[in-house]
Amino acid sequence: MIRLRWSFIYLIIVIFTGWSMASTDADIDKKVKNLFEINWESMRYYKSVSLYNPKLSSNQQAADENLSLSCKIEIKDPNLVLGISRKGVVTEMTDSKRQNIEINQEQPPSRRPPMPAMRNMPSPRSIEMAYEGLRYLPQMTQPPKIPRWRAFLYKLFRYPQTPFKSELVNELQPVRVQFELDIGLLGPSGVEIRSLKGYYYALMAESIEYVDVPFEPNDQWVRLTDETEIKVRQANCTISGSRISYNFNIEQNRIGGERFFRLSFGDDLPEKMVVGQQLIGEDGKQLGQSMGMGSLPAHVGGSGSGSNSGSGGVSPVKKIRFVIAVNPKHYKIPFELKNIPLPNPESKEGKE
């Protein structure tokens, strides 16, 4: 009887633990979803017709048609976001007549072994679902917009305003994701897609670590992760007035085997992964853009050079900072878009 009672209590604990874990996972997924904002950017219809020389080919004529939707994704908080898949998957669709359209798109399966064992080049399907790393472009800061009423009061009371000083900053660029659609939508479905649901993939880290290496030649290998170590072969920095120029060469060694060509959804992930590198000046500020952030994982070996200038002077390069993602994880991000117009193949717009 006592054993039965303890078994019942154990069962209740397991059930409540499962509910708690499920609730926690749901909360985490919701928080992750709120990090992204998706909007459709363009709907593209493309038709290509090819003619072949009958003397050289048995094909006489071939036509290729496709319909694709391009979406722009704004990342609200990029601190732990490593990348987003180039392609997404459509799961549900409703046309302008409120009719559901059957969707048959397969989710890409897990394709490749863990990183250290990877030796083969990826398939075209794998490249399509590859993650695109975050990209930053240098932009000059713009003066903040002042409401009209406040500008009027400033002018009325002759309130002195501090002159705005523009600075060069690295600005995060939106990520674009493509969705392939059935060409049959241009027929009976009407002039628009009333509702479209689906998902894309995001690669996120549990946390970010940094490994700083002096910006100077050194014969010592520095371990970045269990699979990657580097050695700074060359590092030069010259300052002329308000301008700095630098060049360097880094040797990279893969300890556990060859690296991934590109990470895709379904790939097994290491505990730690190099995702980029930065040059840090003596003043502690980053010089230029982060390097190696376009592809995942980042290839940190090889040569690099650049220059930078500033009206307030420049600081010499002090160290190379490697960005390490800890416990990266795949996330499936659901979305819904509404009222997307469809192109008209018979339209004369754009035709000469």
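Would you pick out the residues in the stretch 175-193 that are assigned to a loop (DSSP other than H, G, I, E, B) and surrounded by 15 or more Cβ atoms within 10 Å (Cβ to Cβ)?
Result: Asp182, Ser189, Gly190.
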Filtering the stretch 214-229 down to residues that are buried (at least 19 other Cβ atoms within 10 Å of the Cβ) and over 26 Å from the mean Cα position of the chain (by Cα) yields Phe215
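Please return the ranges of strands (runs of 3 or more DSSP E) entirely within the stretch 50-150 where 3 or more residues are at pLDDT 75 or above and either surrounded by 14 or more Cβ atoms within 10 Å (Cβ to Cβ) or charged (D, E, K, R) (or both). Can you show your working first?
Details: elements: 61-75, 81-85, 89-95, 131-133, 136-140.
Per the criteria, 61-75, 81-85, 89-95, 131-133.
Is it fair to say Tyr246 is part of a strand (DSSP E or B), exposed (fewer than 14 other Cβ atoms within 10 Å of the Cβ), touching a residue at least 12 places away in the same chain (Cβ under 8 Å) and in contact with a strand residue (DSSP E or B) (Cβ under 9 Å, 6 or more places away or on another chain)?
Values: part of a strand (DSSP E or B): yes; exposed (fewer than 14 other Cβ atoms within 10 Å of the Cβ): no; touching a residue at least 12 places away in the same chain (Cβ under 8 Å): yes; in contact with a strand residue (DSSP E or B) (Cβ under 9 Å, 6 or more places away or on another chain): yes.
Against the criterion (part of a strand (DSSP E or B), exposed (fewer than 14 other Cβ atoms within 10 Å of the Cβ), touching a residue at least 12 places away in the same chain (Cβ under 8 Å) and in contact with a strand residue (DSSP E or B) (Cβ under 9 Å, 6 or more places away or on another chain)), Tyr246 does not qualify.
Within the stretch 204-236, take every residue that is outside any strand (DSSP E or B) and aromatic (Phe, Trp, Tyr) and give me the one that is nearest to Lys319 (Cα to Cα). Talk me through it step by step, then tell me what you get.
Initial filter on the stretch 204-236 (outside any strand (DSSP E or B)): 205-206, 215-221, 224-227.
Still in the list and also aromatic (Phe, Trp, Tyr): 215, 221.
Values: Phe215: 4, Trp221: 15 Å.
Once the filter is applied, the top-ranked residue is Phe215.
Is the stretch 194-201 home to any residue that is surrounded by 14 or more Cβ atoms within 10 Å (Cβ to Cβ) and over 24 Å from the mean Cα position of the chain (by Cα)?
Step one: list which residues in the stretch 194-201 are surrounded by 14 or more Cβ atoms within 10 Å (Cβ to Cβ), which gives 194-201.
From what's left, over 24 Å from the mean Cα position of the chain (by Cα): 194-195.
Within the stretch 194-201 (the criterion being surrounded by 14 or more Cβ atoms within 10 Å (Cβ to Cβ) and over 24 Å from the mean Cα position of the chain (by Cα)), the answer is yes, since at least one residue qualifies.
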Go through (1) within 18 Å of the chain's Cα centre (by Cα); (2) surrounded by fewer than 16 Cβ atoms within 10 Å (Cβ to Cβ); (3) assigned to a loop (DSSP other than H, G, I, E, B); (4) at pLDDT 80 or above for Pro297 and report which single condition fails.
(2)
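The values are calculated or read from the model by the stated rules, or taken from the named source; none is laboratory data. The shown structure was predicted, so the numbers you read here are calculated from the model rather than taken from an experiment. Here the Cβ is made from the backbone with ideal geometry for all residues, glycine too, and neighbour counts use every protein chain on show.
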